[in-house]
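This report concerns only the one structure given below.
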């Protein structure tokens, strides 16, 4: 499969892909930034959101980001964005990761519940506290499963949900809505690695007792997490916190 496919749907994918939406202010003419970041086929389109312009990528295979060409193209894309845009306090970064038909049936519920149980830790990784990425209202994983079952399409792994820190969508993706606005490629790659870790950890029957620090494995997200300061600093209590499916909102 091509690294940046334009001619396939998420429903047909057999390997994990991500897509990124960056809400940013534009310095100068939009045509200039569009020309610079369109060279490798990574840009899908440019819309309006977050008080500025929203730059959306085509699906990118996670596998390609670990290879020379994919990493190079992704890096070039964000160099182009950084040269032509500015971060807005009103803007955010949304990252989608594909749900595969071969994933465990509990994956979506596990991931949604995990983001609720580790909500404050997810906010520290994401770098903002915002109502645009709220904590799921359900208080147990059983309630999350019931909630998603009632909002699942009859066809495929498609859900009519939106707005929480992490939830499945109508695109057959999980959407990580937490991150602040950013045009920094290293930061984006760290968030992608984090989200990929979440999916890997949740792609099983049960996540009971899993610790938050398990989600920080990998050179990019581990380095990024270690660099966080101030209110974002991850304490030992944050790292050692365990998932409790019977009490997602427990302190």
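Every number in this text was worked out from the coordinates using simple rules, so none of it is lab data. Quick caveat, the model's predicted, so the values are computed rather than measured. FYI the Cβ positions are ideal-geometry reconstructions off the backbone, even for glycines, and counts take in every protein chain you see.
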Take every Cα pair under 8 Å in region 10-240 that's 6+ residues apart, average their separations, divide by the length, and report that relative contact order as a whole percent.
23
Past the 25 angstrom mark, what percentage of all C-alpha to C-alpha distances in the chain do you count?
41
Considering only region 10-240, percent of DSSP beta bridges that pair antiparallel, nearest 5:
95
By how many degrees, between 0 and 90 and to the nearest 10, does the Cα long axis of helix 68-84 differ from the longest principal axis of the chain?
70
Sites residue 30 and residue 246 - FRET efficiency at Förster radius 41 Å, r taken between beta-carbons, to 0.05:
0.25
Can you show me the helix-derived [θ] at 222 nm for the chain, built from DSSP H runs with n ≥ 4 at -39,500 (n - 2.57) apiece and divided by the number of residues, rounded to the nearest 500.
-10500 deg cm²/dmol
